1. Among 28, 71, 52, which residue has its Cα furthest toward the positive end of the charge dipole of segment 1-79, with +1 on Lys/Arg Cβ and -1 on Asp/Glu Cβ?
2. Give me the Å³ per residue figure for the convex hull around the C-alpha atoms of the chain.
3. For the chain, what is the mean residue ellipticity at 222 nm derived from helices alone (per DSSP H run of n ≥ 4: -39500 (n - 2.57); sum divided by total residues; nearest 500 deg cm²/dmol)?
4. Could you count how many Lys pairs in the chain have their Cα atoms under 30 Å apart, skipping same-chain pairs fewer than 8 positions apart?
5. For residue 81, enumerate residues with amide H under 5 Å from its amide H, sequence gap 5+ or separate chain, H modeled in the peptide plane.
6. Given 0.36 nm per residue, what is the gain on full extension from residue 60 to residue 5 after removing their alpha carbon distance, in nm?
7. Among 38, 106, 86, which residue has its Cα positioned farthest towards the positive end of the charge dipole of segment 18-135, with +1 placed on the Cβ of Lys and Arg, -1 on the Cβ of Asp and Glu, and the dipole taken about the Cα centre?
8. For an R0 of 22 angstrom, estimate the FRET efficiency from the Cβ-Cβ distance between residue 70 and residue 122 and round to the nearest 0.05.
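No value in this document is a laboratory result; all are computed from the given coordinates. Worth saying up front: this structure is predicted, and the values here are computed from it rather than measured. Here the Cβ positions follow ideal geometry from the backbone for every residue, glycine too, while neighbour counts run over all protein chains shown.
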Amino acid sequence: MRYTLAPHGIGCSLCCPALTRTNAWTSALKRPEGFGESGFPEVARSQLEQFGTAFEEGMDPYEVGTKILNGMSEQKGLILTHPEHGPDFEEIHAAVMAALPHEEAPPGRLKIEQLRRDAMKAAEAGLVIRLDDLT
C-alpha cells in the first residue's frame, strides 16, 4: 500500500508499538455480551488485575506517541517504538534467511526482481509506476 499511495502524496507506515503503560487490560472487563463467545474464555478479575501489573512496566504513552509521530513525519515505512524487541527481530531475520533455498535463481527472475525493487524505490520517491515498469 505504501508504494501505491506514495505517488499521490499519501504516506503509509507500519507501526508496531509494544508494552505501553495503559489500562488496555481492562478491555476484557468491558466485553459486550454479543462477543461473549468470541473464543476467549472468561477470566477472573483477580487474574486480569495481576496481568494488568505488567502494563505498569510499559513505556509512557506520550513517549510511544512521540516516536510514532516522528516516524510518520519522517515518512518511515516501519516504526518500531521499543528497543527491547531487538533480539526477537534478530531471531526472525535469522530464521527467514535460513529458510531461503541455497541455489541460484535464473537470470530472468533476477531481472524481474530487480525491476520490482527499482519500482518500489521510485514509487516511494513519488513516481507513478506502470505495469511496463515491471517487465
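1. Most positive-ward Cα: 71.
2. Expressed per residue, the convex hull around the Cα atoms of the chain is 199 Å³.
3. -14000 deg cm²/dmol
4. Step by step, the pairs that qualify in the chain add up to 6.
5. Close amide H contacts, sequence-distant or interchain: 16, 18.
6. The span from residue 60 to residue 5 would gain 16.7 nm if fully extended.
7. After comparing all options, I get 106.
8. E(calc), rounded to 0.05, equals 0.30.
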